[in-house]
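The values are calculated or read from the model by the stated rules, or taken from the named source; none is laboratory data. These numbers come from a predicted model, not from an experiment. Please note: Cβ atoms are built from the backbone with ideal geometry, for glycine as well, and neighbour counts cover all protein chains shown. Heavy atoms of the whole protein, side chains included, go into the accessibility calculation; ligands, DNA and RNA do not. Shrake-Rupley method; radii C 1.70, N 1.55, O 1.52, S 1.80 Å.
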Amino acid sequence: MCHDYLRPALLIFASIAIGVVGWSGHVLLLPVALGFPVLWSIARTRSVAALVSAGYFLAASRGLPQGVAAFYSSDIWPGLLLWLCASLSFVTVHTALWATSAALRPFRYFLAALVMAIPPFGITGWAHPVTAAGVLFPGWGWWGLGFITAGLAGLVTRIWPAVAIAFAGLWLWSAASWTEPRLPNRWRGVDLELGASLGRDTGLQRQRDLIATVRSAGGDGARFVVLPETALGYWTPTVARFWTSASGDTDATVIAGATVLDATGYDNVLVSIDRKGGSILYRERMPVPGSMWQPWRFLSGESGGARADFFANPVVAIGASRAAPLICYEQLIVWPILQSMLHDPDLVIAVGNGWWTDGTSIVAIQRAATTAWARLFAKPLVTAFNT
């Protein structure tokens with residue numbers, strides 16, 4: 001009887017450990033997440049598979065309750081509720097597709113991985129093990145994605161020890177020769193430490209301080225300077241004119257986060273500013289569900305909330321280059337980066353405003369995931385975060 005409870009308890013404990021370590025924010029630890037499909041496959045009952053899935057996902061997203069509490073300046077209970085609700089899609093998919101038949105298991109897990117990578121379930125498809133492809137197969141591109149997908153299917157079969165050994169060898173080889181994605185020539189990403197005031201303090205002095213930061217970067221020879229998400233606050237004609245006039249004595253083009261507000265809601269955007277003027281460059285495809293994107297408002301005819309463009313503008317033109325932009329939440333899920341890579345961009349731009357994640361590993365996880373994807377497809381990477 002004791003053995004009947006010991007095995008499930010060990011599987012659940014192991015899934016929690018895998019979620020914590022694999023999604024600790026260190027890019028070279030991402031392959032630890034590949035242990036999840038092994039645990040999922042050796043669960044003997046559907047209920048144990050559900051608990052293993054819940055343990056992995058909740059551990060991987062453990063920073064959410066504290067982050068939500070900080071964002072809303074509230075106690076931790078709303079964050080805990082959102083944390084549990086967000087896990088439902090992951091747990092539901094992996095529970096429903098779990099199979100007792102060894103022959104069906106690879107196909108079922110492949111289907112689960114696919115469903116969690118694309119909308120609608122992919123909207124909360126955090127902690128996807130396929131993200132480790134960039135560590136195991138750096139520079140392999142779509143071939144690397146195919147190999148890790150096949151490997152994930154192999155990890156849920158009886159030959160999983162052989163697949164695990166092969167992955168471990170690739171992991172060690174990659175770790176021994178690991179290099180970070182290169183920064184594109186004459187590009188500069190600016191990290192800020194302005195806390196919650198960034199995007200909220202839109203006074204003249206804050207704008208002047210940001211312009212001084214851009215000029216400092218431009219003075220070092222940068223042709224393109226990237227500022228974090230919502231750095232400019234609300235994007236208005238006045239802000240556009242102010243920044244355009246300030247750009248008159250520099251050759252640098254500024255890529256910065258801003259918010260575009262109208263009567264029905266708002267867009268989280270990146271804008272491009274140079275001496276000729278400013279324009280919206282990119283609209284975020286997937287804002288944070290719940291706190292930003294609130295689809296129930298649109299269904300009920302209410303206004304407010306951020307708009308989700310889902311599959312719009314996967315790449316944007318900046319000068320002679322084509323870039324794949326990722327704003328904040330888009331760095332944690334799978335389909336935005338893969339959709340962008342279908343268009344073979346020249347570089348990846350990742351921005352975020354993570355002041356509310358203080359004390360958690362969320363920003364580190366964003367950086368790790370973006371780094372892994374950039375290495376998989378051998379793309380230069382520019383990042384700009386505020387903390």
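Rounded to the nearest 20, the Cβ-based charge dipole of the chain about its Cα centre (Lys and Arg +1, Asp and Glu -1) stands at 700 debye. A viscosity of 1.567 mPa s and a temperature of 4 °C, combined with the Kirkwood radius over C-alpha pairs in the Stokes-Einstein formula, give segment 211-341 a diffusion coefficient of 83 µm²/s.
Model label sites at Ala96 and Leu114, defined 7 Å from Cα along the beta-carbon direction, differ in position by 1.5 nm. Over segment 82-153, the pair-distance histogram of Cα-Cα distances with 10 Å bins from zero comes to 19, 45, 30, 5 percent, rounded to whole numbers.
Ellipsoid semi-axes for segment 1-103, based on the Cα gyration tensor and the rule √(5λ), read 26, 16, 13 Å when sorted largest first. Each label was represented as a point 7 Å from its Cα along the Cα-to-Cβ direction; for Asp191 and Ala150 these points are 3.8 nm apart. Expressed as a whole percent, the accessible area of segment 232-387 that falls on carbon and sulfur atoms is 56 (1.4 Å probe).
Cβ under 15 Å from Ala96's Cβ, Ala96 left aside: what net charge do those residues give with Lys, Arg +1 and Asp, Glu -1? Taking every Cβ under 15 Å from that of Ala96, the sum is +3. Pairs of alpha carbons in segment 112-160 separated by more than 17 Å make up 41% of all such pairs. Taking θ as phi - 60° and the Karplus parameters 6.51, -1.76 and 1.60, the scalar couplings of segment 123-135 work out to 4, 10, x, 5, 6, 6, x, 5, 4, 5, 4, x, 7 Hz in sequence order, x denoting glycine and proline.
The stretch between Lys276 and Ala176 holds 31.3 nm of extra length on full extension. This uses 0.36 nm per residue minus the Cα-Cα distance.
The H on the amide N of Asn386, modeled in the peptide plane, is under 5 Å from the matching H of Leu192, Glu229, Gly352, Asn353, Gly354, each at least 5 residues off or on a different chain.
For the listed peptides 346-353, 33-40, a ranking on the average number of other beta carbons within 10 Å per residue, highest first, reads 346-353, 33-40. Each other residue within a Cβ distance under 12 Å of Trp40 adds +1 if Lys or Arg and -1 if Asp or Glu, for a net charge of +4. Computed from label points 7 Å out along Cα-Cβ, the spacing between Ile159 and Arg322 is 3.8 nm. With the highest mean first, a sort of the peptides 168-174, 145-151 on other beta-carbon atoms found within 10 angstrom per residue produces 145-151, 168-174. The order of Val115, Val214 by accessible area, most exposed first and with a 1.4 Å probe, is Val115, Val214. What's the carbon and sulfur percent of segment 1-137's accessible surface, probe 1.4 angstrom, rounded to a whole number? The nonpolar share, carbon plus sulfur, comes to 77 percent.
The alpha carbons of segment 335-375 give a radius of gyration and a Dmax of 12.0, 36 Å, in that order. Once the Cβ-Cβ distance of Asp262 and Thr45 is raised to the sixth power relative to R0 = 45 Å, the FRET efficiency obtained is 0.30.
With angles folded into 0 to 90 degrees, how steeply does helix 2-22 sit against the dominant principal axis of the chain? Use alpha carbons for both and round to 10. Approximately 20 degrees, to the nearest 10.
Could you state the angle between the C-alpha long axis of helix 77-96 and the longest principal axis of the C-alpha atoms of the chain, as a value from 0 to 90 degrees rounded to the nearest 10? Once rounded, the angle reads 50 degrees.
In the context of the full protein assembly, Asp75 retains an accessible surface of approximately 90 Å², using a probe radius of 1.4 Å and ignoring ligands and nucleic acids.
When Ile76, Ile273 are compared by accessible area at a 1.4 angstrom probe, the order from most to least is Ile76, Ile273.
Normalising the average separation of contacting C-alpha pairs (under 8 angstrom, six or more residues apart) by the number of residues puts the relative contact order of segment 1-73 at 38 percent.
Solvent-accessible area per residue in the chain equals 43 Å², computed with a 1.4 angstrom probe and all protein chains kept.
Rg then Dmax, both in Å and based on the Cα atoms of segment 125-273: 21.9, 66. State log₁₀ I(q)/I(0) for the chain at q = 0.11 Å⁻¹ as given by the Debye formula over alpha-carbon point scatterers of equal weight, solvent excluded. Calculated log10 I(q)/I(0) at the listed q: -0.79.
Near Arg297, once Lys and Arg are set to +1 and Asp and Glu to -1 for all other residues with Cβ below 15 Å from its Cβ, the sum equals -2. Our summary gives the chain a relative contact order of 19 percent, counting only alpha carbon pairs under 8 angstrom and 6 or more residues apart. Counting every C-alpha pair in segment 275-387, the share spaced more than 21 angstrom apart comes to 41%. Sorting the segments 59-68, 239-248 by their mean number of nearby beta carbons within 10 angstrom, highest to lowest, gives 59-68, 239-248.
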